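Q: My structure is below; once you've seen it, I'll send some questions.
The values are calculated or read from the model by the stated rules, or taken from the named source; none is laboratory data. The shown structure was predicted, so the numbers you read here are calculated from the model rather than taken from an experiment. Here the Cβ is made from the backbone with ideal geometry for all residues, glycine too, and neighbour counts use every protein chain on show. Ligands, DNA and RNA are stripped out before the accessible areas are found, and what is left, the full protein with its side chains, is counted by its heavy atoms. Shrake-Rupley method; radii C 1.70, N 1.55, O 1.52, S 1.80 Å.
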Amino acid sequence: MSSPFQYFKNVLPLIVVAIPALLLDIVTKWLVRMHIPKGGGYPIIPGFFNLRHDRNTGAAFGILSDQRMLLVIITIAALIFIFIYSFRFRNSRWMQTALGFLLGGAVGNFIDRIYLGEVVDFLQFGIESKRLFWPTFNVADVSVCIGAGMLIFYLFRIQNRSVN
């Protein structure tokens, strides 16, 4: 049986990743809310990258728009999943880091949904001359994508080991 100190040491990567990801998400969204009017934006790399103040009442790509309660329930389920798997993979720094990215991002967007009823998005990439833009996103979304990518990589690595 391991001590509480040993458990804390094992989940330290989760904490070290989740807290900065969450804080960066909160601060950047606050700056956008304070300095860019809704629907407004500033070109950073003209024609390719803008800071734009958008709001999203749904999940990724606007799916489940105006389904706030369902998205809150899904996020709570995801948080439960993250905590269960943090125990299951407590000795894997890779998984703790992946779960940390997922935790920071999930909590960042969860806070917006609870307090604003929608998520603040502000990173916009695209080809302006062709009016082709990727849906606007935020730091929490990036964090979730990194964590999900790490999980997928881990699962494929494990799958390949069991096949060989």
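Q: Looking for something open to solvent by 20 Å² or more (accessible area, probe 1.4 Å), more than 15 Å from the chain's Cα centre (by Cα), in contact (Cβ under 8 Å) with a residue 60 or more places away in the chain and within 25 Å of residue 57 (Cα to Cα) - is there at least one such residue anywhere in the stretch 97-109?
A: Looking for residues that are open to solvent by 20 Å² or more (accessible area, probe 1.4 Å), more than 15 Å from the chain's Cα centre (by Cα), in contact (Cβ under 8 Å) with a residue 60 or more places away in the chain and within 25 Å of residue 57 (Cα to Cα), one finds none in the stretch 97-109, hence no.
Q: Scan the stretch 65-85 residue by residue and report those that are more than 17 Å from the chain's Cα centre (by Cα) and open to solvent by less than 80 Å² (accessible area, probe 1.4 Å).
A: Of everything in the stretch 65-85, those that are more than 17 Å from the chain's Cα centre (by Cα) and open to solvent by less than 80 Å² (accessible area, probe 1.4 Å) turn out to be 65, 70.
Q: Within the stretch 27-57, restricting attention to residues that are within 19 Å of residue 140 (Cβ to Cβ) and aliphatic (A, V, I, L, M), which residue is surrounded by the fewest Cβ atoms within 10 Å (Cβ to Cβ)?
A: Only one residue fits best here, namely 34.
Q: Which of the residues that make up the stretch 107-121 are of a type in the set (D, E, K, R) and assigned to a helix (DSSP H, G or I)?
A: 112, 113
Q: Looking only at the stretch 122-162, count every residue that is crowded, with 20+ Cβ neighbours inside 10 Å and outside any strand (DSSP E or B) and tell me the total.
A: Matching residues across the stretch 122-162 total 8.
Q: Of all residues in the stretch 38-86, which are on the phi < 0 side of the Ramachandran plot, assigned to a loop (DSSP other than H, G, I, E, B) and in contact (Cβ under 8 Å) with a residue 24 or more places away in the chain?
A: Listed by number, the residues that qualify are 46, 48, 57.
Q: Yes or no: the stretch 110-118 includes at least one residue that is buried (at least 16 other Cβ atoms within 10 Å of the Cβ), under 23 Å from residue 65 (Cβ atoms), in contact with a Ser or Thr (Cβ under 9 Å, 6 or more places away or on another chain) and among the β-branched types (Val, Ile, Thr).
A: Looking for residues that are buried (at least 16 other Cβ atoms within 10 Å of the Cβ), under 23 Å from residue 65 (Cβ atoms), in contact with a Ser or Thr (Cβ under 9 Å, 6 or more places away or on another chain) and among the β-branched types (Val, Ile, Thr), one finds none in the stretch 110-118, hence no.
Q: Still on this structure, I have one more. For the stretch 31-62, give me each residue that is of a type in the set (Lys, Arg) and more than 16 Å from residue 117 (Cβ to Cβ).
A: Across the stretch 31-62, the qualifying residue is only 52.
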